[in-house]
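Student: Below is one structure. I have some questions about it.
Just so it is clear, none of the values below were taken in a lab; they were calculated from the coordinates. None of the values given here were measured: they were computed from a predicted structure. FYI the Cβ positions are ideal-geometry reconstructions off the backbone, even for glycines, and counts take in every protein chain you see.
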Amino acid sequence: VKKSDVVSEILKDRLYVSPKNKIGEAYAPTNIALCKYWGKRNQELNLPVTSSLSISLADKGAAVSIKVNSVDQVILNNVILTPDSGFSQRLFKYIDLFRIENSIFFQINIQSNIPIAAGLASSACGFASVIKALNHLYAWELSNRELSILARLGSGSASRSIVHGFVEWHVGKRDDGMDSYSELIEKEWPELCIGLCILNRDEKKISSREAMQRTIETGSLYPAWPAKVAVDLSLLRQAITSNDFELLGRTSESNAMTMHATMLSAWPAISYCLPETLVTMQKVWKLRDEGLSLYFTQDAGPNLKLLFLKKDLHFVVEQFENVEVVNPFR
Ligand code: DP6
């Protein structure tokens, strides 16, 4: 099954019609996985080995507007990208799924308020906002489930960035991935805070795409990963339903640590930690020993995301320099 087969299955006779609106506009929040997606059973369609669970980051994300243009062009945070830049190429390869070559060109204007490729899920909100903007431009009126499947074709984690709140991405069984989509968990948790600890803004040396593939192929600890995810997903669902913050934090931190352990077992080993990452982890553990309810998670980059409750906001901000706090349910 090819990406284009999935696109025609979803859009049917709506594919290749002309845009209905002058401009397509949309916003998508980025998301942080509390139970990670690490490993694909199908690389073409970004079908995962396991389900995963995330929280969307409200006003941290990407706003996109797309309009018909005489040439293909990407403007990222007010800068025109050259057509051969990696970002532009990856984006138009995705756009190509929805158009006949040389029949129509687009100008895509993206305003993103998160560091691109520093392990802060910029591709997640990027592809999610682009598919939502195309949906607006063409007036396809796709459901969130369909948008999630199409966003996944750009980047796996983008399937979780269609809606705000807690989201579960169902692993699915089918070869065409029609049952591998994300769904909102109907539960708000207004006291929950996420602290973005940006320790380094450099672009990552190895993409999550490449890293997860190497982990699957050579990681001696990878076989233990799906069972760990099954346990953590059930604990996280329980923590969310019962407002059990300790359980949420503990499970999220342990899940991230285990994902990184599978990467350390790959050859050549992969580590996204910098010295400052380890120093910050030690600090979290020390504060926790002293009684603070504080946990972290880490993705494919050196930056940590802190998890805590609103009652500890002032103390956390005092302790961590440059932490940017997001309240996902504000
Ligand atoms: C560590 O979604 O970026 O952030 O599907 O290849 O585009 P591709 O990978 P991507 O991987 C995200 C990995 C992660 C964990 C997660 O977000 O679940």
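Student: Please list, in chain and number order, the residues 5+ apart from residue 179 or on another chain whose amide H is under 5 Å from its amide H, with Hs placed from the backbone.
Tutor: Residues meeting the criterion, in which the H sits 1.01 Å from N, are 173, 174.
Student: Right, next: Determine the distance separating the Cα centre of the range 219-255 from the Cα centre of the range 7-22; give it in Å without decimals.
Tutor: 39
Student: Oh, and also: Cross-link list 20/93; 40/187; 60/286; 60/228; 40/173; 40/228: which exceed 18 angstrom alpha carbon to alpha carbon?
Tutor: 20/93; 40/187; 60/286; 60/228
Student: On C-alpha positions alone, give me the angle between the axis of helix 245-264 and the longest principal axis of the chain, in degrees, nearest 10.
Tutor: 70
Student: If you fit an axis through the alpha-carbon atoms of helix 208-218 and take the longest principal axis of the Cα set of the chain, what angle between them do you get, 0 to 90°, nearest 10?
Tutor: Long axis of 208-218 versus the principal axis of the chain: about 70 degrees.
Student: Among 227, 261, 239, which one moves the most in a GNM of the chain with springs linking Cα atoms closer than 10 Å?
Tutor: 227
Student: With a cap of 12 neighbouring Cβ atoms within 10 Å, and only residues DSSP puts in a loop, list the trypsin sites (Lys or Arg not before Pro) found in the range 197-256.
Tutor: When the trypsin sites (Lys or Arg not before Pro) of the range 197-256 are filtered for loop state and at most 12 Cβ neighbours within 10 Å, 205 remain.
Student: Taking the dipole about the Cα centre of the range 1-117, with the C-beta of Lys and Arg at +1 and of Asp and Glu at -1, give me whichever of 51, 1, 80 is farthest to the positive side.
Tutor: Value: 51.
Student: Okay, next question. Taking the range 90-160 on its own, what percent of its Cα-Cα pair distances exceed 17 Å?
Tutor: Cα-Cα pairs of the range 90-160 separated by over 17 Å account for 43 percent.
Student: Same structure, new question: If you build the convex hull over the alpha carbons only and average its shadow over all orientations, what do you get for the range 171-330? Give it in nm² to one decimal.
Tutor: So the Cα hull casts an average projection of 10.8 nm².
Student: Is the C-alpha gyration tensor of the range 177-247 telling us rounded, prolate or oblate? Criteria: a/c under 1.5 is rounded; beyond that, a/b larger than b/c is prolate, otherwise oblate.
Tutor: oblate
Student: Would you work out if the range 123-230 is rounded, prolate or oblate? Take a ≥ b ≥ c from the square roots of the eigenvalues of the alpha-carbon gyration tensor; rounded if a/c is under 1.5, else prolate when a/b is larger than b/c, oblate otherwise.
Tutor: Since a/c stays below 1.5, the shape of the range 123-230 is classed as rounded.
Student: Please enumerate, by chain and number, the lysines with C-alpha under 25 Å from the C-alpha of residue 283, excluding those fewer than 8 residues away in the same chain.
Tutor: 36, 204, 305, 310, 311
Student: Among all stretches of the chain without exposed GluC sites (Glu not before Pro) (DSSP loop, at most 13 other Cβ atoms within 10 Å), which one is longest?
Tutor: Here the longest segment lacking exposed loop sites spans 204-289.
Student: Here's a follow-up. If you wrap a convex hull around the Cα atoms of the range 1-154, how much volume per residue is inside, in Å³?
Tutor: Taking the convex hull of the Cα positions in the range 1-154, it is 118 Å³ per residue.
Student: Still on this structure, I have one more. Mind telling me which of 254, 70, 18 comes out most flexible in a GNM of the chain, alpha-carbon contacts under 10 Å?
Tutor: Taking springs between Cα atoms under 10 Å, the residue moving most is 70.
Student: To continue, here is another question. With +1 on each Lys and Arg Cβ and -1 on each Asp and Glu Cβ, how big is the dipole of the range 148-203 about its Cα centre, in debye rounded to the nearest 20?
Tutor: Dipole size: approximately 80 debye.
Student: What shape does the range 273-330 take by its C-alpha gyration tensor, where a ≥ b ≥ c are the square roots of the eigenvalues and a/c under 1.5 counts as rounded, a/b above b/c as prolate, and the rest as oblate?
Tutor: It is oblate, given that a/c is not under 1.5 and a/b is not larger than b/c.
Student: Let me ask something else. For the range 216-268, what is the Kirkwood hydrodynamic radius in Å, using each pair of distinct C-alpha atoms?
Tutor: 11.7
Student: To the nearest 500 deg cm²/dmol, what mean residue ellipticity at 222 nm is calculated for the chain from DSSP H runs of n ≥ 4 alone, each contributing -39,500 (n - 2.57), summed and divided by the residues?
Tutor: Here the helix-only value at 222 nm equals -11000 deg cm²/dmol.
Student: Going by alpha carbons, how many degrees (0 to 90, nearest 10) lie between the helix axis of 86-95 and the longest principal axis of the chain?
Tutor: Roughly 60 degrees, rounded to the nearest 10.
Student: Here's something else I'd like to know. Can you list residues whose amide H is under 5 Å from residue 198's amide H, if they're 5+ apart or on another chain and H is modeled 1.01 Å from N?
Tutor: When sequence neighbours closer than 5 places are left aside, the close amide H contacts are 324.
Student: In terms of Cα to Cα distance under 20 Å, which lysines are near enough to residue 22, apart from those fewer than 8 places away along the same chain?
Tutor: Qualifying lysines at Cα under 20 Å: 67, 132.
Student: Taking a cut-off of 32 Å, what percent of all Cα-Cα pairs in the chain are separated by more than that?
Tutor: 27
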